[in-house]
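Beneath this line is the structure, given in structure tokens, with notes to follow.
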Amino acid sequence: MRAMRAETFSGYEGLKLIELPKPAVTKGKVLVRITAAGVTPLDHTILSGKFHGSKAPLVLGNEGAGVVEEGDGTDFPVGSRVMFFGTYGAFEDGTDSEWVAVRKEDLCLIPDNVDDVSAAGIPVAYLTAQVALTLAGFRAGKTVLAPAIGGSIGNAVTQLARALGAKHAMSSTTNHAKAEQAKALGFNEVVDTSSEKLGDGVRRITSGYGADIVVDGIGGEVLSEALGVLALGGSLTTLGYSASRKTTIDVTNLIVPQASIRGLNMFAQPQAAITDAWNVIVSLLKSGAIKPIVAKTFPLVEAAAALRYLVEGRPFGRVVLTI
């Protein structure tokens, strides 16, 4: 089978198109013919040699969608359209390939109203977003901020919070064109930080209240600024570092509102939390309350170009490989 494999963790040039044996199906797994694979910032982190535990050579791809071709269960019969996320592409070969043997517990049936390309970009973003909201104690009426409306986490958290009854579901962008695009897509609580500070924007939207919950996948200065918008008893969840792994915080932004900060590692979540998150997500997908946004697709052989587009082009929406 064809696969795009990182032969070395040396940047984009480390990716090579190779032929690998079709994976064998063992107990507890099904063989999925991959039709689309999501491209994520984690791919770039791994390819740059900056992710703990990953070893080259490695087929990247942390999430994907496809069709069950071989299995032994009634939950995911042959011919089922499925999407999935797991340690694929990080600690074992991933979805940038024609077939993957997938653990059954990682699978989710794709709703009929969602196409494969859209489905491929759902698992990482929406599972992470829903787990983060749950751990932060989200309930209807809460005020939520997730920076970077064009990014996978920022967009997914904003959509989920809004669909689940948040009083305010806010995000941000550093780009005025993206702010206008967000507004055209119905995201009306986006702070354009090219013309307004994040804190000022959040206080304007919430009439001075702030954010009960912040979910940050950016890191760096964005995390530092986001801490300053926390409401009394609020919490910030940090789960990504696409801007930077390091920042400086003002501890009074935690002390004064008696706020908290926590980290989230999706690879460490219990199966029950993933199952619960899938149940919420699938229900909202079926109703149309949330809708994944795909910015651009690339063929498998252009995986390096796809990753470069995601990291350097910073598109509004997901980047997906078609297999």
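The values are calculated or read from the model by the stated rules, or taken from the named source; none is laboratory data. Owing to the predicted nature of the structure, the values given are computational and were not obtained by experimental measurement. All Cβ positions, even for glycine, are placed from backbone atoms using ideal geometry, and neighbour counts span all protein chains on display. The area values use the complete protein model at the heavy-atom level, side chains included, leaving out ligands, DNA and RNA. Shrake-Rupley method; radii C 1.70, N 1.55, O 1.52, S 1.80 Å.
Using 0.36 nm per residue of separation minus the Cα-Cα distance, give me the extension gain between SER244 and PHE91 in nm, one decimal. Show your work: numbers first, answer last.
On the way: separation 153, 0.36 × 153 = 55.08 nm, distance 2.29 nm.
Using 0.36 nm per residue and subtracting the Cα-Cα distance, I get 52.8 nm.
Given charges of +1 on the Cβ of Lys and Arg and -1 on the Cβ of Asp and Glu, with all other atoms neutral, how large is the dipole of the chain about its Cα centre, in debye to the nearest 20?
Dipole about the Cα centre, nearest 20: 420 debye.
Hey, what angle do you get for helix 123-135 against the long axis of the chain, alpha-carbon based, 0 to 90 degrees rounded to 10?
So the helix axis and the longest Cα principal axis differ by about 40 degrees.
Top mean-square fluctuation among ASN155, ASN175, ASN265, Gaussian network model of the chain, C-alpha springs under 10 Å?
Judging by the Gaussian network model, the answer is ASN265.
Would you tally the net charge around LEU42, using a Cβ to Cβ cut-off of less than 11 Å, leaving LEU42 out, and scoring K and R as +1, D and E as -1? All intermediate terms of the calculation are to be shown ahead of the outcome.
Values: positive: LYS50; negative: ASP43, GLU63.
Around LEU42, the surrounding residues sum to -1.
Have a look at the DSSP beta bridges in the chain and tell me what percent are antiparallel, nearest 5. Spell out each step's value before the answer.
Details: 31 of 55 bridges.
Expressed as a percentage, antiparallel bridges in the chain total about 55.
Name all residues of segment 84-109 having a backbone nitrogen under 12 Å from the label point set 7 Å from the Cα of PHE51 along its Cα→Cβ direction, giving them as ranges.
86-96
Let me spell out the model: positive unit charges on the Cβ of Lys and Arg, negative unit charges on the Cβ of Asp and Glu, origin at the Cα centre of segment 35-111. What dipole size does that give, in debye rounded to 20?
Numbers: 5 positive and 12 negative charges, 59 e Å.
Roughly 280 debye, rounded to the nearest 20.
If I compute solvent accessible area with a 1.4 Å probe over the protein chains, what percent of it on segment 103-230 is carbon and sulfur? Present the calculation step by step, with values, prior to reporting the outcome.
Working: 2300 of 4650 Å².
Carbon with sulfur: 49 percent of the solvent-accessible area.
Using R₀ = 35 Å, calculate the FRET efficiency as 1/(1 + (r/R₀)^6) where r is the Cβ-Cβ separation of LYS291 and LYS22; round to 0.05. Present the calculation step by step, with values, prior to reporting the outcome.
Numbers: r = 34 Å, r/R0 = 0.97.
Using R0 = 35 Å, I get an efficiency of 0.55.
What does the net charge come to around ALA161 if you take all other residues with beta carbon closer than 15 Å to its beta carbon, with K and R at +1 and D and E at -1? Display every interim value, and only then the final one.
On the way: positive: ARG139, LYS142, ARG162, LYS167, LYS291; negative: GLU189, ASP212, ASP216.
Neighbourhood net charge equals +2.
For helix 152-163, report the angle its Cα long axis makes with the longest principal axis of the Cα atoms of the chain; keep it between 0 and 90° and round to the nearest 10°.
In the chain, helix 152-163 runs at an angle near 70 degrees to the longest axis.
Looking only at ALA90, ALA56, ALA268, which one moves most when the chain is put into a Gaussian network model with springs between Cα atoms under 10 Å?
Its mean-square fluctuation being the largest, the pick is ALA268.
Taking the mean number of other Cβ atoms within 10 Å as a proxy for protection, how do you rank 196-205, 62-71 from highest to lowest?
Working: 196-205: 17.6, 62-71: 23.5.
In decreasing order of mean packing, 196-205, 62-71 become 62-71, 196-205.
Given a 1.4 angstrom probe, I'd like the percentage of the accessible area of segment 1-93 that is carbon and sulfur, rounded to a whole number. Show your work: numbers first, answer last.
On the way: 2200 of 4030 Å².
In segment 1-93, the share of accessible area belonging to carbon and sulfur is 55 percent.
By the scheme Lys and Arg +1, Asp and Glu -1, what is the net charge of all other residues having a beta-carbon under 12 Å from that of ALA177?
Values: positive: LYS178, LYS183, ARG314; negative: GLU180, ASP192.
Overall, the nearby charge balance is +1.
ARG33 versus HIS176, label points 7 Å from Cα toward the beta carbon: distance in nm?
5.0
Could you point to the label whose value was computed as Cα extents along the principal axes in Å for the structure here, given (1) 80, 47, 39; (2) 58, 41, 35; (3) 72, 56, 29?
(2)
Using label points projected 7 Å from each Cα along Cα→Cβ, tell me how many nm separate GLU105 and MET1, to one decimal.
2.2
Could you tell me the calculated FRET efficiency between LEU185 and ALA272, based on Cβ-Cβ distance and R0 = 41 angstrom, to the nearest 0.05? Intermediate results must be reported in sequence, preceding the final value.
Details: r = 33 Å, r/R0 = 0.81.
Approximately 0.80, to the nearest 0.05.
Quick one: accessible area per residue over the chain, 1.4 Å probe, rounded to a whole number of Å²?
Numbers: 13780 Å² over 323 residues.
Ligands and nucleic acids excluded, the figure is 43 Å² per residue.
Report the FRET efficiency, 1/(1 + (r/R0)^6), for ASP112 and ILE255, where r is their Cβ-Cβ distance and R0 is 56 Å, rounded to 0.05. Display every interim value, and only then the final one.
Numbers: r = 50 Å, r/R0 = 0.90.
It comes out at approximately 0.65.
Can you tell me the orientation of helix 271-287 relative to the chain, as the angle in degrees between its alpha-carbon axis and the longest Cα principal axis, to the nearest 10?
80
Picking from ALA231, PRO123, GLY220, whose Cα lies most toward the positive end of the charge dipole for segment 110-231 (charges on Cβ: Lys, Arg +1; Asp, Glu -1)?
ALA231
For segment 98-213, compute the number of Lys pairs whose alpha carbons are separated by less than 30 Å, excluding pairs fewer than 8 positions apart on the same chain.
Final tally of qualifying lysine pairs is 9.
With the crude spin-label approximation of a point 7 Å out along Cα→Cβ, what separation in nm comes out for LEU232 versus GLU70?
In this crude label model, LEU232 to GLU70 measures out at 6.2 nm.
Among SER171, SER97, SER244, which one moves the most in a GNM of the chain with springs linking Cα atoms closer than 10 Å?
SER244
Taking Cα centroids, how far is segment 44-58 from segment 198-276 in Å?
About 26 Å separates the Cα centre of segment 44-58 from the one of segment 198-276.
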